[in-house]
Amino acid sequence: MNNKILIVGSTGKLGTKLLKFTKKNSIPIYAITCHKNSNKLINQKRQFLIKSSFVLSNKIDQQKFFKILEKKIHIIYFLDYGSLSLKYLSHFLKFNNNSTIAIANKEMLIAGGSLLHNKIKKSKNNFIPLDSEHFSLINSIHDTNNIKKIYITASGGPFYFNKNIKLSSVSPKKVLSHPKWKMGKNNLIDSSNFINKILEIYELSYIYKIPLNKIDFLVSKEAFIHSIVHFTDNTLSLNCFFNDMLLTLIKPLSEYYKINEMKINQNYLDFKNLKVEKPNDKRFTIFKYKKNLMKFSHSEQIKLMIVNNSAHKLYLSKKLKYNKIVNYIMKEISNKNHNKKLNSFDSILKYISDLNNQYKTNV
């Protein structure tokens, strides 16, 4: 079967996991990209026998990649980081329909907002969200009118279940040590202070067209329950699976290839896996601002992403204390009115570029 599969961000953890799976199952990959990690990209191209590769921080490669996006691509994965990849997806949508678009890049999904999802739908492409929380809802949401509330879950990160820890004195090593899984530094910081859940709520709102006031999050230490849907007839749907991102990554492939069923842990009915709780911990500053965050406009959500990335850099360079990250973000957003109308991809990308220049980030 001559399907063209393109992976944007192949050199990260998800990209590496996906490439190993496709090689094992004799599924050819057409093209891969990275931002700057050219050495690993070259090794991947050689190891996995991939026809084309592109380093997107290189302007010549970037232009070549735009040309690739004008060809028929059957599956395109966005496993990279940052909202600027919106320009690649925007270009892809001009030339491709009836393709599968699989996205793990939350920054791009939030930046694109409802405009992106409307364009995907109009172009008759199939969209698959890869983040476990949003992926878990694929089979549960058919009619948004009968939904009373949706909860996604958080594992609690390194601190929530350690009640004696003072967040004013935690070390960077502790912040960057997730008890469940390995992630990049940005995601680890966001997971430790629950900013990631706020961003995932914004994502969910756009993906499934659910108002923000109908979405919240709970804490599930075992990270087995990924979402709960409370329907208007008071029935509940618990969406669960063991958190192996390979499960979400192979879903797009299953539309084109016969994939052997993954073996699962038969202890899934263990009661501890089904335990959830409402977060109520005053150590975390995010809860002070949560009500306000659930009213953020599209442009304010984008600014939150950019300022949050700036806060990561300040924290990692020891210019901002860990327990001041959320306060810094909220102060920067409240300084000016950033409720801008963003009605095109060009206006979104310009707004992002202006903010990136202001905060010296690249999100």
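Taking the inverse of the mean 1/r over every pair of distinct Cα atoms in segment 1-128 gives a Kirkwood hydrodynamic radius of 14.6 Å. Dividing the helix sum by the residues of the chain, where each DSSP H run of 4 or more adds -39500 (n - 2.57), gives a mean residue ellipticity at 222 nm of -12000 deg cm²/dmol.
In this simple spin-label model, placing a label point 7 Å from the Cα along the Cα-to-Cβ direction at both Asn145 and Lys121 gives a separation of 1.4 nm.
Summed over the residues of the chain and divided among them, the accessible surface reaches 50 Å² per residue at a probe radius of 1.4 Å. Can you bin the chain into rounded, prolate or oblate? Criterion: square roots of the alpha carbon gyration tensor eigenvalues sorted a ≥ b ≥ c, rounded for a/c under 1.5, prolate for a/b above b/c, oblate for the rest. In terms of gyration-tensor shape, rounded. Considering only alpha-carbon pairs that sit under 8 angstrom and 6 or more positions apart, the relative contact order computed for segment 152-200 is 45 percent.
The relative contact order of segment 6-57 comes to 38 percent, based on Cα pairs under 8 Å that sit 6 or more residues apart. Here segment 10-141 carries DSSP beta bridges of which approximately 0% are antiparallel, counting only pairs with both residues inside. One chain, two ends: Gln47 and Ser297. Fully extended at 0.36 nm per residue, the span grows by 85.5 nm beyond their Cα-Cα distance. Solvent-accessible area of Asp281, all protein chains in place: 20 Å² (probe radius 1.4 Å, heavy atoms, ligands and nucleic acids excluded). Simple point charges give the picture: +1 on the Cβ of Lys and Arg, -1 on the Cβ of Asp and Glu, and for the chain a dipole about the Cα centre of about 1080 debye. A dipole drawn for segment 1-130 from +1 and -1 charges on Cβ atoms has a positive end, and of Leu93, Phe48, Leu19 the residue lying farthest that way is Phe48. If only the Cβ of Lys and Arg carry +1 and only the Cβ of Asp and Glu carry -1, the dipole of segment 63-218 around its Cα centre is close to 260 debye. Most simply put, the chain has about 30% antiparallel DSSP beta bridges, counting only bridges with both residues inside it.
Which percent of the accessible area of the chain is formed by carbon and sulfur heavy atoms (probe 1.4 angstrom)?
Solvent-exposed carbon and sulfur of the chain make up 50 percent of the total.
The relative contact order of segment 70-205 comes to 21 percent, based on Cα pairs under 8 Å that sit 6 or more residues apart. Exposure check, 1.4 Å probe, all protein chains in place: Met294 carries approximately 30 Å² of accessible surface.
When only the heavy atoms of the protein chains count and the probe is 1.4 Å, how do Asp346, Asp216 rank by accessible area, highest first?
On the way: Asp346 120, Asp216 35 Å².
Listed by decreasing accessible area, they come as Asp346, Asp216.
Distances between every pair of Cα atoms in segment 112-243, grouped in 5 Å steps from 0 to the bin holding the largest one, split as 2, 10, 18, 20, 18, 14, 10, 5, 2, 1, 0 percent. Quick one: grab the alpha carbon gyration tensor of segment 44-85, order the square roots of its eigenvalues as a ≥ b ≥ c, and give me rounded if a/c is under 1.5, else prolate or oblate depending on whether a/b is larger than b/c. Note, shape of segment 44-85 comes out rounded.
Cross-link partners of Lys303 among lysines, defined as those whose alpha carbon lies under 17 angstrom from its own and excluding same-chain residues fewer than eight positions apart: Lys106, Lys197, Lys290, Lys295, Lys313, Lys331, Lys336, Lys340, Lys341, Lys350, Lys360. The Cα center of segment 266-305 and the Cα center of segment 1-80 differ in position by 33 Å.
A 1.4 Å probe, protein heavy atoms only, puts the accessible area of Tyr351 near 20 Å².
Full extension of the chain between Asn37 and Asn234 yields a length gain of 66.0 nm, computed as 0.36 nm times the residue separation minus the alpha carbon distance. For segment 211-340, the gyration tensor built on C-alpha atoms gives a prolate shape. Its axis ratio a/c (a ≥ b ≥ c) is at least 1.5, and a/b is the larger of a/b and b/c. Cross-link partners for Lys291 among the aspartates and glutamates, with Cα-Cα distance under 16 Å and sequence neighbours closer than 8 places in the same chain left out: Glu200, Asp216, Asp281, Glu300.
The values are calculated or read from the model by the stated rules, or taken from the named source; none is laboratory data. Since the model is a prediction, treat every value here as computed from it, not as a measurement. Positions of Cβ are backbone-derived with ideal geometry, glycine not excepted, and every protein chain shown enters the neighbour counts. Ligands, DNA and RNA are excluded from the accessible area calculation, which covers all protein heavy atoms including side chains. Shrake-Rupley method; radii C 1.70, N 1.55, O 1.52, S 1.80 Å.
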